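Q: Let me begin by handing over the structure; questions about it come next.
The values are calculated or read from the model by the stated rules, or taken from the named source; none is laboratory data. Quantities reported herein were computed from a predicted structural model and do not represent experimental measurements. Neighbour counts run over all protein chains shown; Cβ positions are idealised from the backbone, glycine included. What goes into the accessible areas is simple: the full protein's heavy atoms, side chains included, and nothing from ligands, DNA or RNA. Shrake-Rupley method; radii C 1.70, N 1.55, O 1.52, S 1.80 Å.
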Amino acid sequence: MYRSTRALARLSLFTLALTWLPAMAAAAIADSVPQLQPFNANYRLEVKGWPNATIEHRLSRQSGHWQSRMQASIAVARGNESSRFIMTPEGVHSVNYASGYSLLGMGGRYRLSSSELTDMPDRQAALVELSRRALQGGCVEDSCRLVYQDHRGREETLDYRSLGTQMLNVPAGEFQALKVEVNETDKPERKMMFHFHPGYPGLLLAVDYYREGERRSRLTLTSLEGK
């Protein structure tokens with residue numbers, strides 16, 4: 001159960017928790033990067049050796065800000081986190097972040113204020129930023145880097161590399177997915193493979209998490225309601 005709780009607590013890291021085209025395809029997409037638009041999505045998270053988790057993901061517009069919110073549940077464990085951010089010419093700028101996790105009535109709550117988010121985005125906003133960078137193309141030959149803050153405000157670094165497009169079948173349907181490989185700089189034995197929706201920045205189609213070459217978890221899109 002401890003391992004399943006850790007999976008929930010690190011959910012945004014999986015769902016960042018943020019592509020991936022051969023040079024010609026990347027150039028074609030970069031000319032028409034879609035703008036943020038609201039959506040409601042549901043995911044299924046499968047963690048080896050544990051019951052499946054249901055995840056709700058909502059991106060909404062609120063008075064000039066955007067809000068990304070995720071909620072997850074697995075057996076007696078619960079987790080949620082939300083981020084408010086604005087879009088600037090330089091990218092995503094976080095304004096507020098909050099999260100909470102519990103197991104059998106025990107857990108914790110975390111908050112990051114605007115003053116703590118001046119230099120780096122929170123991990124929900126970082127997911128959106130990673131997706132946007134993916135849609136812009138680049139980072140094919142060499143990896144690029146994204147720096148963000150975890151739920152406690154600690155600096156985290158991800159290296160990512162574009163791997164191209166791929167037709168992907170998930171419970172929600174068939175999509176032409178944008179694929180990216182993500183690595184934690186201080187944990188070389190871990191790797192994540194993200195598949196992003198090409199029309200909804202921040203929306204995941206699937207995420208596979210590998211450790212020492214073995215897939216340990218998989219996240220897939222089960223339903224999508226666009227605005």
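Q: Work out how much length Ser60 to Arg109 would gain on full extension: take 0.36 nm times their residue separation and subtract the Cα-Cα distance, in nm to one decimal.
A: Result: 15.4 nm gained on full extension.
Q: Moving on to the next point. Give the residues of the range 164-196 whose amide nitrogen is closer than 19 Å to a point set 7 Å from the Cα of Asn52 in the direction of its Cβ.
A: 168-175, 195
Q: When the dipole is taken about the Cα centre of the range 46-134, and only Lys, Arg (+1) and Asp, Glu (-1) are charged at their Cβ, what size is it in debye, to the nearest 20?
A: The dipole of the range 46-134 has a size of about 220 debye.
Q: To the nearest 10 square angstrom, how much accessible area does Asp150 have with a 1.4 angstrom probe?
A: Accessible area, nearest 10 Å²: 10 Å².
Q: Working with all protein chains in place, sort Trp50, Trp66 by solvent-accessible area computed with a 1.4 Å probe, largest first.
A: Trp50, Trp66
Q: Turning to a different aspect of this structure: Decide, for the range 115-194, between rounded, prolate and oblate: order the square roots of the alpha carbon gyration tensor eigenvalues as a ≥ b ≥ c, take rounded if a/c falls under 1.5, and otherwise choose prolate if a/b is larger than b/c, else oblate.
A: Prolate, because a/c is 1.5 or more and a/b exceeds b/c.
Q: While we're on this one: Any chance you could run the full-extension gain for Gln71 through Gln176? It's 0.36 nm times the residue separation minus the Cα-Cα distance, nm to one decimal.
A: So the extension gain works out to 35.2 nm.
Q: Is the range 88-227 rounded, prolate or oblate when judged by the Cα gyration tensor, a ≥ b ≥ c being the square roots of its eigenvalues, rounded requiring a/c under 1.5 and prolate requiring a/b larger than b/c? Don't jump to the answer; show the numbers that get you there.
A: Working: a/c = 1.38, a/b = 1.27, b/c = 1.09.
Since a/c stays below 1.5, the shape of the range 88-227 is classed as rounded.
Q: Please work out how much length the chain gains when fully extended from Asp208 to Thr118, using 0.36 nm per residue of separation minus the C-alpha to C-alpha distance, in nm with one decimal.
A: 29.3 nm
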